[in-house]
Amino acid sequence: MNTQELIDTARKLVADHKGLLAMDESNPTCNKRFARLEIPQTVEARRAYRELIITAPGLGESISGVILYDETIRQQKSDGTPFVKAIADAGIIPGIKVDTGANDMAGHPGEKITEGLDGLRDRLAQYLQMGARFAKWRAVIAVGDCLPSRGCIEVNAQALARYAALCQEAGLVPVVEPEVLMDGEHTLERCGEVTEDVLRTVFNQLYTQRVMLEA
C-alpha cells in the first residue's frame, strides 16, 4: 500500500467541487432500460451507450471520477481505445464497483446485506492492473417501524470496513457508501437518527479494521 498515492487520489476525487459519475449499472438493469426503449440488449449496444457517456465533451470539467461495472472496465471505444484510458485522458479517475449486490438478509425480513467479499482481494488486484484507482461498495439500510435492526447495521458496517481495508491493501481508494433509504413513512428526524447511528457504527468498524482515515 502506497499511503501517499491513496491520499493524493482521494483528494483529487473531492477537489474543485466535482462529483463522481456512477455508470456502474449492472447488465440486467441496463438491459431492462433498453428493453423498454426497444434497444437490442447486447454487449455491443451497452458498449456503444457507455462510449457516448465517457466521450461527452467537457465531462472532466464537472466529473472527478467514474465508477465502472465489471463489463465496462474491460470495454473499448469503437476505435479500440480502452475505456479506462479514454477516461484517464479526459482527466478523470477510473473506479470500479466491487460489491455483488444487496440480497435478503437471512432471519431479517425487509432487510438487505450487501455481498461480494469472497474473492475480493484477487478481484481488486485485477482491477488495479486494469487501471482502476478507486472502488465503491454500497450498503442498503431500510427504515421502518422496527427497522433497521442492530444486526443489519452491524453486519453491513463490518462488510464495508472489510472491503475498505482490502481496497487500501490493494492500492485502491475505497468509497464507503452506507445508504439509508428515504422510502417509507418515517419522519425526517427518524431518518437523521438512523443515519447518525449507521455512520457511527461504520466509523467504529473502519477503525477496528485499521482502515486509514487521515485522507
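With the full set of protein chains in place, find how many percent of the accessible area of the stretch 129-209 is carbon and sulfur; take the probe as 1.4 Å. For the stretch 129-209, the apolar C and S fraction of the accessible surface comes to 52 percent. Coupling constants for the stretch 120-134 follow from the phi torsions by the Karplus curve (6.51 cos²θ - 1.76 cosθ + 1.60, θ = phi - 60°), and in residue order they are 5, 4, 5, 5, 5, 4, 5, 5, 4, 5, 6, x, 5, 10, 8 Hz; glycine and proline get x. Grouping the Cα pair distances of the stretch 42-148 into 5 Å bins from zero gives a pair-distance distribution of 2, 11, 19, 17, 15, 12, 10, 7, 4, 1, 0 percent in increasing distance order. Simple rule: put +1 on each Lys or Arg Cβ and -1 on each Asp or Glu Cβ in the stretch 85-197, find the dipole, and look at Gln158, Thr187, Gln168; the Cα lying farthest toward the positive end is Gln168. Scanning residues 5 or more positions from Val66 or on other chains, those with amide H under 5 Å from its amide H are Leu21, Ile93, Gly95, with H placed 1.01 Å from N in the peptide plane. Sequence-ordered 3J(HN,Hα) estimates for the stretch 53-66 from the Karplus curve with 6.51, -1.76 and 1.60 and θ = phi - 60° stand at 5, 6, 9, 4, x, x, 4, x, 6, 10, 10, 9, x, 10 Hz, glycine and proline given as x.
Given +1 on the Cβ of Lys and Arg, -1 on the Cβ of Asp and Glu, and no further charges, what dipole in debye does the chain carry about its Cα centre, rounded to the nearest 20?
The dipole of the chain has a size of about 580 debye.
Work out how much length Cys191 to Leu37 would gain on full extension: take 0.36 nm times their residue separation and subtract the Cα-Cα distance, in nm to one decimal. Please list the in-between numbers first.
Working: separation 154, 0.36 × 154 = 55.44 nm, distance 3.55 nm.
The span from Cys191 to Leu37 would gain 51.9 nm if fully extended.
The chymotrypsin sites (Phe, Trp or Tyr not before Pro) of the stretch 88-197 include none that DSSP puts in a loop with a beta carbon having at most 14 other beta carbons within 10 Å. For the stretch 66-188, relative contact order (Cα pairs under 8 Å, six or more residues apart, normalised by length) works out to 25 percent. Helix 150-170 and the long axis of the chain differ in direction by around 40°, with both axes built from C-alpha atoms. Taking all protein chains into account, the per residue accessible area for the chain stands at 55 Å² (1.4 Å probe). Between Arg150 and Met182, the simple spin-label model (points 7 angstrom out along Cα→Cβ) gives 3.1 nm.
With the cut-off at 1.5 for a/c, could you classify the stretch 37-102 from its C-alpha gyration tensor as rounded, prolate or oblate?
The shape class here is oblate.
With a 1.4 Å probe rolled over the protein heavy atoms of all chains, the accessible area of Glu71, Glu185, Glu196 falls in the order Glu185, Glu196, Glu71, largest first. Taken along its three principal axes, the alpha carbon spread of the stretch 86-191 comes to 48, 29, 17 Å, from the longest extent down to the shortest. Restricting the calculation to Cα atoms, the chain shows an Rg/Rh of 0.98 when the hydrodynamic-style radius is the Kirkwood one.
The values are calculated or read from the model by the stated rules, or taken from the named source; none is laboratory data. Every value quoted in this text rests on a predicted model; they were computed, and no experiment measured them. Because the Cβ atoms are built from the backbone with ideal geometry, glycine has one as well, and the counts that use them run over all protein chains shown. Calculation scope for accessible area: heavy atoms of the full protein, side chains included, ligands and nucleic acids excluded. Shrake-Rupley method; radii C 1.70, N 1.55, O 1.52, S 1.80 Å.
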